[in-house]
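First up is the structure itself, then whatever we jot down about it.
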Amino acid sequence: PGSAEFSIRFKTFKKSIGRHVYLNSFSRSSSNNSAKYGVTEFSDLSPDEFRERYLGGRHVQLPKYTKLKEDTLNIP
Amino acid sequence: LAPKFDWREKNVVTPVQSQQSCGGCWAFSVVGGIESVYAIQGNALEELSVQQVIDCSYKNQGCNGGSTVGALSWLNQTQEKIVKTSEYPFKALTGVCHFFPKSAFGVSIKGYEAYDFSGQEEKMMEKLVQWGPLVVTVDAVSWQDYLGGVIQHHCSSQEANHAVLITGFDRTGEVPYWIVRNSWGTSWGNEGYVYIEIGGNICGIADSVSAAFV
């Protein structure tokens, strides 16, 4: 507490609380298994920091799966 | 198709791991899939080295990111044997690729399949049962704040930035969902797992689906 880093983290944390309210507003009140959003171990990271540290997957365009392939293989 | 299916119930899924601050999700998901397929074939469930794939898969960028299909393609081309985690432990940093004697224990793949199943999640469920746990990519930006429950909003298709492993599905409740193993430790989500609604390609879960064969 008192350090510049603490101040930045605290501001980021407060922003994340606002984000949780928004994310939870989409949950269906009738459904009790809708996703819940709130404080996690990542709440003091900005979305950019989170993306940089934890999201390392790259998108690759793949061919569409077609039933045709299976049908062809099943021909005696 | 059964209304509910989970490979964890067959004891062929290794425990949730933590990638820490290493962007090696692509390696965790691919190695997790191979561990399961190896066990499904009647072998012992072994924890295999994620670090080996991170260090050695030259088509990818180690802890700076990579693609699941790139890793599978490399494993298939090189026939590299993935050794046990105990032999080549996770360090959460990209390192120099270590080589092992040909006689050392390891699991290599015989091939793999990789497709876009968007709009065909029913077929994807069949493939999960047929092939084993599925390696998929997703948009996980909103997962920073995920506590539990079934994700139905707040993520996009065609914008994958993370890789995970689908171990099962559950269609018995009001909202059918995929059961997905993440690699952020057991303190996140549902003891390390996340549930994603089936049917709308939520988070792009059906955009890039792959499985290895051993």
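Quotient of the Cα radius of gyration of the stretch A:4-47 and 2.2 N^0.38 Å, N being its number of residues: 1.36. Here the stretch B:50-156 yields Rg over Rh of 1.02, to two decimals, using C-alpha coordinates and the Kirkwood radius. Ordered by the count of other Cβ atoms within 10 Å of each Cβ, fewest first, A:Ser43, A:Ser16, B:Ser187 give B:Ser187, A:Ser43, A:Ser16.
On a 21 Å Cα-Cα criterion, which of the cross-link pairs B:Lys4/B:Lys110; B:Lys4/B:Lys123; A:Lys15/B:Lys91; B:Lys59/B:Lys102; B:Lys84/B:Lys110; B:Lys84/B:Lys123 come out too long? Flagged as over cut-off: B:Lys4/B:Lys110; A:Lys15/B:Lys91; B:Lys59/B:Lys102; B:Lys84/B:Lys123. According to the calculation over all Cα-Cα pairs in the stretch B:109-214, the P(r) per 10 Å bin from zero is 16, 52, 29, 3 %.
Restricting the calculation to Cα atoms, chain B yields a radius of gyration followed by a Dmax of 16.0, 52 Å.
Bridges between two residues of the stretch B:68-202, per DSSP, are antiparallel at a rate of about 90%.
Averaging Cα coordinates gives a centre for the stretch A:1-40 and one for the stretch B:63-79; these two points are 35 Å apart.
Comparing B:Thr94, B:Thr14, B:Thr172 in a Gaussian network model of chain B (Cα springs below 10 Å), the most mobile by mean-square fluctuation is B:Thr172. Sites counted here are chymotrypsin sites (Phe, Trp or Tyr not before Pro) in a DSSP loop (not H, G, I, E or B) having no more than 14 other Cβ atoms within 10 Å; the longest part of chain B that contains none of them is B:106-214.
Here the stretch B:1-103 was treated as a single set of alpha-carbon atoms; its pair distances binned every 10 Å from 0 give 15, 47, 30, 7, 1 percent. For the pair the stretch B:111-176 and the stretch B:1-40, the centres of their Cα atoms are 13 angstrom apart.
The calculated 222 nm mean residue ellipticity attributable to helices in chain B amounts to -6500 deg cm²/dmol, summing -39500 (n - 2.57) over DSSP H runs of n ≥ 4 and dividing by all residues.
When the inverse distances between all different Cα atoms of the protein assembly as shown are averaged and flipped, the Kirkwood radius reads 19.5 angstrom.
Take the stretch B:155-214, drop everything but the C-alpha atoms, weight them equally and run the Debye formula without solvent; then report log10 I(q)/I(0) at 0.19, 0.23, 0.25, 0.28 Å⁻¹ to two decimals. One equal scatterer on each Cα of the stretch B:155-214 leads to -0.76, -1.05, -1.17, -1.28.
When the Cα convex hull of the stretch B:141-185 is projected onto planes of every orientation, the mean area is 3.8 nm².
No value in this document is a laboratory result; all are computed from the given coordinates. Values in this document were obtained by computation on a predicted structure and should not be read as measured data. Because the Cβ atoms are built from the backbone with ideal geometry, glycine has one as well, and the counts that use them run over all protein chains shown.
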